[in-house]
1. Out of all DSSP beta bridges in the chain, what portion is antiparallel? Express it as a percent rounded to 5.
2. Run the simple label-point estimate for Ala78 and Arg131 please: 7 Å along Cα→C-beta, distance reported in nm.
3. When the helices in the chain are scored as -39500 (n - 2.57) per DSSP H run of 4 or longer and the sum is shared across all residues, what 222 nm value do you end up with, to the nearest 500 deg cm²/dmol?
4. Let me check against my output: what whole-number percent is the relative contact order of the chain, with C-alpha pairs under 8 Å and at least 6 apart?
5. Take every Cα-Cα distance within the range 30-110, group them into 10 Å bins from 0 onward, and report for each bin the whole-number percent of pairs it holds.
6. Could you tell me the calculated FRET efficiency between Arg38 and Glu63, based on Cβ-Cβ distance and R0 = 41 angstrom, to the nearest 0.05?
7. Consider the candidate values [x] 20.5; [y] 9.2; [z] 11.8; state which one is mean projected area of the Cα convex hull in nm² computed from the structure displayed.
8. Considering only protein heavy atoms and a probe of 1.4 Å, how much of the accessible area of the chain is carbon and sulfur, as a whole percent?
Amino acid sequence: MTTRPTPGDPAAPERLPFFVYGTLRPGQVNHDRFLLGRTVAEEPGSMRGAVLYEGPGWPYAVEDPRGEIRGELVTPAAAHYAALLAALDELEDYAPGDPANIYERVVREVLPAAGGAARAWVYLAAEPVARRLRTSGRQVRGGDWPSGSARYPE
């Protein structure tokens, strides 16, 4: 079991908004379960340098310098930040430094639809998963899930 940093720990991650592109988007299965009532802002945006691949009920973002994906920039309420970070890390099967990660939580620049740019946490497919998807995965058209592909059952 990998230990996670606790709030106030020097190894604790920077408090940034999250860029979500799959089941955490408004109207999707995990939005209300994890984000409802725990955010101060949710706004449409995009992120360059990645493409989406279809997964078994959710998408994977994979780094690709030619790509761009659509999603939402989500700013957690301060009182919920630590708990939300831990819950999202668990949802995404991410633990810092764990070679078995399915996703890696990384900082990327996001472009809010209203203009400007923001640094945000985003979960990208870990390299073993990304390699498999690049070889045999199916890209989501237009980088916008689920509208770029068939809707998945919840």
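The values are calculated or read from the model by the stated rules, or taken from the named source; none is laboratory data. The structure presented is a predicted model; accordingly, all values stated were derived computationally and were not measured. Note: ideal-geometry Cβ built from the backbone for every residue, glycine included; neighbour counts use all protein chains shown. Just so you know, the surface numbers come from the protein's heavy atoms only, side chains and all, with ligands and any DNA or RNA stripped out. Shrake-Rupley method; radii C 1.70, N 1.55, O 1.52, S 1.80 Å.
1. On the way: 28 of 29 bridges.
Percentage antiparallel, nearest 5: 95.
2. Spacing of the two 7 Å Cα→Cβ label points: 4.4 nm.
3. Numbers: 2 runs with 21 residues, N = 154.
Estimated from H runs of four or more residues: -4000 deg cm²/dmol.
4. Numbers: 276 pairs, mean separation 42.7, N = 154.
Answer for the chain is 28 percent.
5. Per 10 Å bin, starting at 0, the Cα pair percentages come out as 15, 44, 37, 3.
6. Working: r = 28 Å, r/R0 = 0.68.
After rounding to 0.05, the efficiency reads 0.90.
7. Computed from these coordinates, mean projected area of the Cα convex hull in nm² corresponds to label [y].
8. On the way: 4310 of 8170 Å².
Exposed carbon and sulfur together represent 53 percent of the surface.
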